[in-house]
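Report on the following structure.
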Amino acid sequence: MKPRLFSTVRCLRHENPLGLPRSGAPPQIPRMQRGLPQKRNIKDVKKVIAVSSAKGGVGKSTIAVNLALSFARRGYRAGILDTDIFGPSIPTLLNLSGEPRLSNNNQLLPLSNYGLKSMSMGYLIPESSPVAWRGLMVMKALQQLLHEVDWDGLDILVLDLPPGTGDVQLTITQQLVLDGAVIVSTPQDLSLKDAVKGVELFKKVNVPILGLVCNMSGFICPSCNTSHEVFGPLHKIREMCAKHDIRLLGDIPLDAKICEDADRGKPTVVAEPEGQKAKIFGDITREVGGMVGLSS
Ligand SMILES: Nc1ncnc2c1ncn2[C@@H]1O[C@H](COP(=O)(O)OP(=O)(O)OP(=O)(O)O)[C@@H](O)[C@H]1O
Ligand SMILES: [Mg+2]
């Protein structure tokens with residue numbers, strides 16, 4: 001049997017985006033739009049954390065996948081859920097593709113690599129097909145990703161959020177029980193201002209901010225071996241964290257190797273498990289794990 005989300009996608013391609021019968025009843029309005037939503041847990045998952053930033057391209061997916069892999073390396077049953085419907089990155093980052101199978105109870109079965117389970121919209125649509133959906137369709141897909149995946153018992157699930165503070169972020173923060181959020185930002189003002197917006201969103205819905213990861217903090221020049229603060233000085237991020245009472249979890253350098261490893265589907269903590277950057281990710285997961293109450 002085809003996964004339902006997949007058949008939803010097929011419907012879209014055949015001009016019936018909501019998959020309703022032609023003569024059909026009107027689409028259901030999501031509960032969120034009618035009143036205060038009830039927060040739900042993700043079935044079979046002990047802890048859920050979101051990796052977020054209102055700013056695009058700051059490294060959310062890179063950080064999310066390395067944190068999730070770090071949890072897996074430390075022996076936890078870990079998963080990553082790519083909630084970026086329009087621009088899923090996890091299939092590339094984990095070098096995974098193909099259509100997920102369905103479990104006996106009709107749930108999507110995650111795809112795994114490097115000991116990490118994953119689910120992404122990218123497994124359900126062909127790589128080259130852009131998703132051009134309106135709100136309801138996106139919400140339907142998101143609900144399926146959130147509640148119709150058979151994780152089969154996870155200690156921790158990392159959510160890789162899309163950029164912005166739109167429908168997907170609102171649904172996740174308002175409807176899911178989250179154990180906390182990790183914010184990602186570069187030290188640049190442009191990024192920091194958006195990071196603050198993201199922080200405020202989580203605070204409004206009482207999701208604990210676990211801390212901030214500063215990404216692309218300094219570039220070590222391979223020729224002169226000195227550090228260049230391409231996106232601005234680290235003290236800006238320290239000041240921002242102090243001002244908003246946010247813990248600085250760690251800083252990841254700007255390093256071409258991170259890019260290369262991402263593109264070949266072997267994220268840093270798998271490509272260089274004993275390296276300095278993997279150690280930083282390990283330290284961050286230890287701290288985050290402690291904060292959300294994961295037993296070590
Ligand atoms: N520390 C780093 N050093 C070098 N390149 C990096 C680093 N972190 C991320 N990148 C690269 O920057 C680009 C953006 O990263 P990524 O896709 O993780 O960001 P994102 O915030 O998830 O983006 P989007 O908002 O589109 O979801 C990618 O090419 C990635 O490989
Ligand atoms: Mg991303």
**Within the stretch 242-267, considering residues that are over 20 Å from the mean Cα position of the chain (by Cα) and of a type in the set (Gly, Ala, Ser), the one farthest from ligand 2 (Cβ to nearest atom)** = Ala242
**Asked** Does Gly218 satisfy the criteria of being modelled with pLDDT under 90 and either outside any strand (DSSP E or B) or within 16 Å of ligand 2 (Cβ to nearest atom) (or both)?
**Response** no
**Prompt:** Here are some residues: Leu170, Leu146, Leu108, Leu157. Which one is in contact with a Gly (Cβ under 7 Å, 6 or more places away or on another chain), farther than 15 Å from Gly87 by Cα and not charged (D, E, K, R)?
**Reply:** Leu157
**Message:** When you check Val182 against the structure, is it surrounded by fewer than 16 Cβ atoms within 10 Å (Cβ to Cβ) and not polar (S, T, N, Q), yes or no?
**Reply:** no
**Item:** Close pairs from the stretch 155-172: first on the phi > 0 side of the Ramachandran plot, partner part of a loop (DSSP other than H, G, I, E, B) and within 13 Å of ligand 2 (Cβ to nearest atom), Cβ under 9 Å, at least 6 apart
**Value:** Gly164/Ala54; Gly164/Lys55; Gly164/Gly56
**Message:** If I go through the stretch 58-69 residue by residue, how many of them are β-branched (Val, Ile, Thr) and in a loop (DSSP other than H, G, I, E, B)?
**Reply:** 1
**Asked** Where in the stretch 70-166 are there strands (runs of 3 or more DSSP E), lying wholly inside it, with at least 2 residues that are of a type in the set (Ser, Thr, Tyr) and either within 16 Å of ligand 1 (Cβ to nearest atom) or surrounded by 19 or more Cβ atoms within 10 Å (Cβ to Cβ) (or both)?
**Response** 116-120
**Whichever residue in the stretch 76-90 is more than 12 Å from the chain's Cα centre (by Cα) and closer than 13 Å to Lys117 by Cα and, among such residues, is nearest to ligand 2 (Cβ to nearest atom)** = Ala78
**Request:** Would you be able to tell me the number of residues in the stretch 239-251 that are closer than 21 Å to Leu67 by Cβ and among the charged types (D, E, K, R)?
**Result:** 2
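The values are calculated or read from the model by the stated rules, or taken from the named source; none is laboratory data. In this text, all values refer to a predicted model and were calculated from it rather than measured experimentally. We place every Cβ from the backbone using ideal geometry, glycine too, and count neighbours over all the protein chains shown.
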